[in-house]
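Before any comments, here is the structure.
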Amino acid sequence: MNPADIQALVARGFGSLDGARYVLLRVEDAGAAREWLRGLGVTTLAEAQARRLPRVRQVAFTAAGLCALDLPVDTIPGFAPEFLDGLAGDPSRSRRLGDIEDSAPALWRWGAGDAEPHVLLILLAEGGDIEAHLAETLAAMPAGACSVLLVNAASGPVGREPFGFVDGISQPEVDWEGTVEPGGAKDRLYRDRIALGEFLLGHDNEYGFVPDHPVEGGIGHNGTYLVYRQLEQDVAGFWGWAARTAGAGGAVAFAERMVGRGIDGDPLPALGGEGVNGFTFASDPDGAICPIGAHIRRANPRSGDDPRGRRGFLGDVVSSLGLKGSAMHDAVASARFHRLLRRGRPYGSAPDPQAAIAGITSEEPRGLHFICLNASLARQFEFVQGSWLASPYFGGLSGEQDPMLGNRCPVSGGMQTDAFAYHDAAGNPRLAAGLPRFVTVVGGAYFFLPGIGGLARILRG
Ligand code: HEM
């Protein structure tokens, strides 16, 4: 692992830099764009390890962008088919990810058709400096090299997302030193330390091998895939519905069950474990504490390779042979193959939930610039989004999707997806029905975030 060959974002969220701009560009003149990008000064992990950086620049490309830079990606073996298709490139993908009706790519502000970006620049700096950082970066671009499609601004570092919940708490612990030997009996239990190859191409992953990636000219080595989705949040709708369902006094506790954490980020009481992240759902198989369909339980069910954990040699053998347990026990896949490094930031002001419950909220657009990094778009992001968050079948549930993110569209055959099963404060099972849509996708794309050597290869032309 060579930190001088890795873009810093892979290892750092740069939470202390509270200014962020996501610059979406289209290449107009390949030669001029390559020359400009060669001198951009992309921040490496080695630089971030050496000192506290006041400014950060990262760069990533869509498949269309690599082509526009004269790198015909479909002739280079090893790029993931999902990347080549693009986030908005296939109606069946859009359906699986829940990007239909109001969230359909045809309605997006950016990401589809002529509004598909080629290049993403991520600029980070302190709030007072971010506009200067943006202006200086763009001023260095020769006229006619690229056109600016959009500059998206984040409202600050990861802190509270626009519904008011503390965000950015749980991340996989990346195994930079390669200490994990995946696949042993210990993996019957959940673990948070995840093989480097799940997040960086060219390294061993959770199957113990280096997955397919573009090797020609070192283009893929130390690169990763970056998913960017702009998710607009209906803050008034969310808190209004929580208050109508649970009463003004019970709205926060009810919303905490939808998210699966306390509003200040604490695990729901009685889950056990240490600190804010040292818990699993093993002690809560029926979702009496944290509903099975809660956002954090769908996004990371904290499951091991064996749904019932480790039960000694004989018990493990019996379970491996599939002789005990019901289909329900296999309803959730092992989490270690489906982890994401989240690097997004919110936009719009953070609301006061009590004011929102009382119906006092601003009309400004608010949401999340959701960004995550993963080595396999299909097995990580698309699986989490499509099979866990957006699916009406999860963990033995049916007729529900993620209570925050679901599009609530009935699925084929007419099954509704707008319910949410939870236990109230007195421990009684409840079913809320008719959840409205609180989150709408308004843009997005799949990018390749290369290593520094890979970037040089891309920009060689
Ligand atoms: C508007 C959209 C979203 C909001 C408001 C939101 C909010 C939150 C909150 C409040 C948490 C708990 C704090 C934490 O552990 O960091 C969380 C956790 C998480 N979210 Fe989201 N999220 C959104 C979209 C997504 C999407 C699209 C994905 C994945 C495709 C996702 C994946 C995760 C994951 C993996 C966790 C950590 C779960 C764990 O390990 O416990 N989220 N989110």
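One chain, two ends: ASP114 and ALA4. Fully extended at 0.36 nm per residue, the span grows by 36.1 nm beyond their Cα-Cα distance.
Taking amide H positions as modeled 1.01 Å from N, with prolines and chain starts lacking one, the residues under 5 Å from GLY223 and 5 or more places away or on another chain are LEU201, GLY451. Kindly provide the pair-distance distribution of the range 114-187 built from C-alpha pairs, with 5 Å bins from 0 and whole-percent values in order of increasing distance. With 5 Å bins starting at 0, P(r) equals 3, 10, 14, 14, 13, 12, 11, 11, 7, 4, 2, 0.
With contacts defined as alpha carbon pairs under 8 Å and 6 or more residues apart, what's the relative contact order of the chain in percent? Relative contact order comes out at 24 percent.
Using 1/(1 + (r/R0)^6) with R0 = 56 angstrom and r between the beta carbons of ALA426 and VAL215, what's the FRET efficiency to the nearest 0.05? Efficiency, from the Cβ-Cβ distance: 0.45. Taking amide H as placed 1.01 Å from N in the peptide plane, the amide H of ASP204 sits under 5 Å from that of GLY197, each at least 5 places away or on another chain. On the principal axes of its alpha-carbon atoms, the range 51-174 has extents of 41, 41, 33 Å, going from largest to smallest. Protection proxy ranking of 437-444, 36-43, 79-86, 274-281, by the mean of other Cβ atoms within 10 Å over each peptide's residues and highest first, is 437-444, 79-86, 36-43, 274-281. Each 5 Å bin from zero holds the following percent of Cα-Cα pairs in the range 344-387: 5, 18, 16, 15, 12, 11, 13, 7, 2. The alpha carbons of the range 80-121 give a radius of gyration and a Dmax of 10.4, 29 Å, in that order. For the range 230-443, the Kirkwood hydrodynamic radius from C-alpha pairs, put into Stokes-Einstein at 37 °C and a viscosity of 0.692 mPa s, yields a diffusion coefficient of 178 µm² per second.
Please order ASP18, ASP286 by the number of other Cβ within 10 Å, starting at the fewest. Kindly include the intermediate steps, with their values, before the conclusion.
Details: ASP18 19, ASP286 12.
Placing the least packed residue first, the sequence is ASP286, ASP18.
Computed from phi, the 3J(HN,Hα) profile of the range 208-219 under the Karplus parametrisation 6.51, -1.76, 1.60 (θ = phi - 60°) reads x, 9, 7, x, 3, 7, x, 9, 4, x, x, 4 Hz, with x in place of Gly and Pro. When the alpha carbon gyration tensor of the range 178-312 is reduced to an equivalent ellipsoid, its three semi-axes come out at 35, 23, 10 angstrom, largest first.
Coupling constants for the range 274-285 follow from the phi torsions by the Karplus curve (6.51 cos²θ - 1.76 cosθ + 1.60, θ = phi - 60°), and in residue order they are 10, x, 7, 10, x, 10, 10, 9, 4, 7, 9, x Hz; glycine and proline get x.
Remark: spin-label model distance ALA355-VAL411 equals 4.0 nm, labels positioned 7 Å along the Cα→Cβ axis. For the range 230-443, the relative contact order comes to 26 percent (Cα pairs under 8 Å, sequence separation of at least 6). For GLU28 and SER398, a Förster radius of 60 Å and the Cβ-Cβ distance give a FRET efficiency of 0.75, rounded to the nearest 0.05.
Cβ crowding within 10 Å, taken as a proxy for footprinting-reagent exposure, orders GLU256, GLU116, GLU47, GLU363 from fewest neighbours to most as GLU363, GLU47, GLU256, GLU116. Across all Cα atoms of the range 148-228, the radius of gyration (one decimal) and Dmax (whole number) stand at 17.0, 52 Å.
Considering only alpha-carbon pairs that sit under 8 angstrom and 6 or more positions apart, the relative contact order computed for the range 1-134 is 41 percent. With the helix formula -39500 (n - 2.57) applied to DSSP H stretches of n ≥ 4, the chain reaches a computed 222 nm mean residue ellipticity of -5000 deg cm²/dmol.
Listing SER391, SER147, SER92 from fewest to most neighbouring C-beta atoms within 10 Å gives SER92, SER147, SER391. If I histogram all Cα-Cα distances within the chain using bins 20 Å wide from 0, what percent of pairs lands in each bin? Reading the bins upward from 0: 24, 57, 18, 0. The phi torsions of the range 449-455, fed into the Karplus equation with coefficients 6.51, -1.76 and 1.60 and a -60° offset, translate into couplings of 9, x, x, 5, x, x, 5 Hz, rounded to whole numbers, with Gly and Pro shown as x. For the peptides 175-184, 426-435, the ranking by mean Cβ contacts within 10 Å, running from highest to lowest, is 175-184, 426-435.
Rule-based calculations on the coordinates, nothing more; no lab input. The shown structure was predicted, so the numbers you read here are calculated from the model rather than taken from an experiment. Counting neighbours? That spans all protein chains shown, and the Cβs are built from the backbone with ideal geometry, glycine included.
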